[in-house]
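Report on the following structure.
The values are calculated or read from the model by the stated rules, or taken from the named source; none is laboratory data. Computed from a prediction, not measured in an experiment: that's the story for all the values here. Because the Cβ atoms are built from the backbone with ideal geometry, glycine has one as well, and the counts that use them run over all protein chains shown.
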Amino acid sequence: MSATRAEVCVVACAEAWRGDGEILAAAMGTCSILGARLARLTFEPGLLTTDGGALLTAEAVPFGAPAGAVEGWLPFREHLWLVQNGRRHVMMGASQIDRHGNTNISAIGDWARPKSQLLGVRGAPGNTICNPTSYWIPKQSTRVFVPKVDVVSGVGHDRAAELGPRAARFHDLRRVVTDLAVFDFGTPDGSMRLVSAHPGVEVEQVRAATGFDLVIEGEVPETRQPTDEELRLIREVLDPKGLRDREVKA
Amino acid sequence: MGVVMSVEEVVGSLESGMTIGIGGWGSRRKPMALVRAIHRSALTDLTIVSYGGPDVGLLCAAGKVRRVVAPFVTLDSIALEPHFRAARQRGSVEFTEYDEGMFMFGLLAAAHRLPFLPTRAGLGSDVMRVNPGLRTVRSPYEDQEELVAVPALTMDVALVHMDVADTRGNGRYLGPDPYMDDLFAKAAGRCFVSCERMVRPGELDGPPQTLLVSRMHVTGVVETPGGGHFTDCGEGRDEAFQRHYAASAADPEAWAAFADRFLSGDEAAYQEAVQQWREEEGR
């Protein structure tokens, strides 16, 4: 079976939680949510996932489906305590991200009087300083991958370093998945590095969609293809309505 | 103990310049009947403390708000709140922007008469830059860790919306999430509860842990059937109407028509106008 770009993205998101064990996989965005549930259904069965609301579901449920049997309760107050507790790896969205992994979901332009008011910082400051954090960005471009974010909602490596090792000891940026590629921060100064380009995407294309100097080391591998079983789970179980294709066009 | 009041009596007891906390979360279980009553009142210069949704948006649209204290303002199924965006982009409201967890810690501090509570949330982010009044505190123990000292989010008045309440002001929620409504009730000098349905004392049937707000924290209670509309009050949000709200809010002329049709009368008139709109839309 051949996979669509959206399906490659779902699996690349799922891979973010590999090795995490028994923690909450908190996800935002369609491919990210599907990825968390796919990881739980396959290589990371210990993960906890939600119904998109306050319920921890007994099994990974299809996108948008009712919770069914429940194994736990996670209303917002408990979710916010769990951020402090730490047994959580969150994959957030970002309207802007820079090479240090600082992200912005608050406002574009001058904060005092923004050109475009977005959501507000939401939980990004706490998430990034307390929990392993990854990002899912459905449409990579130089508007999103910017030299400097306008408002630091999610804390990047340069900001964390300024705080010192004690205050930043739980700061842990894992990976960034976009519609084009996978990135991490495995460089000496924590700058963003290209890990793999999705099948059919040229490295040059990734570079052109990035508004800062990207670390590229040697031959860049291709993001892995979904297995047949993963494709079956995505198509028949988790997302039979194909909502992933609305987020990442085929 | 709360006394049974009308929407007008609750809003009549408020004053311009007050700090008002509003319960719920985003576009979920918001005390919209009370918000609509503030919208048509003469109140002004308010500070609104809220996990913000259309409550913040409506009050910004009516020019009631001097400052918003919030970690976000969203309609949930529609990410961005048009009125809040417009107000921020015009520069017509001040904004205290906190992380969601910081905001909860601020409520917890206020609810428990503490000056602040410490947290890591906020460190390293621009929340510290855009709120220059925020201070950090150093752990007095061996770790010496530096943490954000989130100041108590005290407020003059809190407004929360319950699914059921009794005439004394004890409130029950029936949905999956209590949000922070009990903390708002405890953090405020006075708390007013609106409810979808009011019952007599002793008739609040259901699991005791769903009794969220206690009469000891409640000044007044008001029955407002449909008072949470169009936000999600357990049976789902009125998504069609929310879309109508958001589309209207994005355009001044459309908003004038919306306000004229839905917001120019009292709460009964609102409910009737919504019913008529539904019939016209075939919903």
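What number of residues within segment A:79-88 satisfy the criterion of being touching a Leu at 6+ places or on another chain (Cβ under 7 Å) and facing chain B (nearest Cβ under 7 Å)? Walk me through how you get there before you give the answer.
The initial filter retains those residues of segment A:79-88 that are touching a Leu at 6+ places or on another chain (Cβ under 7 Å), namely A:82, A:87-88.
Going one step further and asking which of them are facing chain B (nearest Cβ under 7 Å), we end up with none.
Number of matching residues: 0.
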Taking segment A:46-63 as the region of interest, how many residues are within 12 Å of chain B (Cβ to nearest Cβ) and surrounded by fewer than 19 Cβ atoms within 10 Å (Cβ to Cβ)?
4
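State whether one or more residues within segment A:2-17 are at positive phi, out of contact with any Cys (no Cβ under 8 Å at 6 or more places or on another chain) and surrounded by fewer than 18 Cβ atoms within 10 Å (Cβ to Cβ). Step through it out loud before you land on a result.
Initial filter on segment A:2-17 (at positive phi): none.
Checking segment A:2-17: not a single residue is at positive phi, out of contact with any Cys (no Cβ under 8 Å at 6 or more places or on another chain) and surrounded by fewer than 18 Cβ atoms within 10 Å (Cβ to Cβ).
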Does at least one position in segment B:153-162 carry a residue that is under 27 Å from A:GLY53 (Cβ atoms), assigned to a loop (DSSP other than H, G, I, E, B), more than 16 Å from the chain's Cα centre (by Cα) and in contact (Cβ under 8 Å) with a residue 12 or more places away in the chain?
no
In segment A:118-145, what residues are crowded, with 21+ Cβ neighbours inside 10 Å, part of a loop (DSSP other than H, G, I, E, B) and more than 14 Å from chain B (Cβ to nearest Cβ)?
A:GLN140, A:VAL144
Across segment B:1-26, which residue is farthest from the other protein chains (Cβ to nearest Cβ) among those that are surrounded by 23 or more Cβ atoms within 10 Å (Cβ to Cβ) and closer than 19 Å to B:VAL93 by Cβ?
B:ILE20
Tell me, which residue of segment B:241-259 that is closer than 18 Å to B:LEU59 by Cβ and out of contact with any helix residue (DSSP H, G or I) (no Cβ under 7 Å at 6 or more places or on another chain) is surrounded by the most Cβ atoms within 10 Å (Cβ to Cβ)?
B:GLN242
Quick one: would you say B:GLY171 is surrounded by 17 or more Cβ atoms within 10 Å (Cβ to Cβ) and either more than 20 Å from B:GLY236 (Cβ to Cβ) or not small (Gly, Ala, Ser) (or both)?
yes
Residues of segment B:93-113 that turn out to be buried (at least 24 other Cβ atoms within 10 Å of the Cβ), under 21 Å from B:LEU59 (Cα atoms) and more than 10 Å from every other protein chain (Cβ to nearest Cβ), as a count
0
Among the residues of segment A:89-112 satisfying the criterion of being buried (at least 24 other Cβ atoms within 10 Å of the Cβ) and among the polar types (S, T, N, Q), which is nearest to the other protein chains (Cβ to nearest Cβ)?
A:SER106
Of the conditions (1) within 23 Å of A:SER141 (Cα to Cα); (2) touching a residue at least 60 places away in the same chain (Cβ under 8 Å), A:VAL195 clears all except one; give me its number.
(2)
Taking B:ARG129 as the residue in question, decide whether it is more than 16 Å from the chain's Cα centre (by Cα) and not assigned by TED's automatic domain parsing to the domain that holds B:THR19.
yes
Of the conditions (1) closer than 23 Å to B:LEU59 by Cα; (2) assigned by TED's automatic domain parsing to the domain that holds B:VAL11, B:PRO178 clears all except one; give me its number.
(1)
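For the structure I just gave you, tell me whether B:ARG67 is crowded, with 24+ Cβ neighbours inside 10 Å and either within 20 Å of A:GLY126 (Cβ to Cβ) or of a type outside the set (A, V, I, L, M) (or both). Show your work before the answer.
Values: crowded, with 24+ Cβ neighbours inside 10 Å: no; either within 20 Å of A:GLY126 (Cβ to Cβ) or of a type outside the set (A, V, I, L, M) (or both): yes.
Taking the combined requirement at face value, the residue does not satisfy it.
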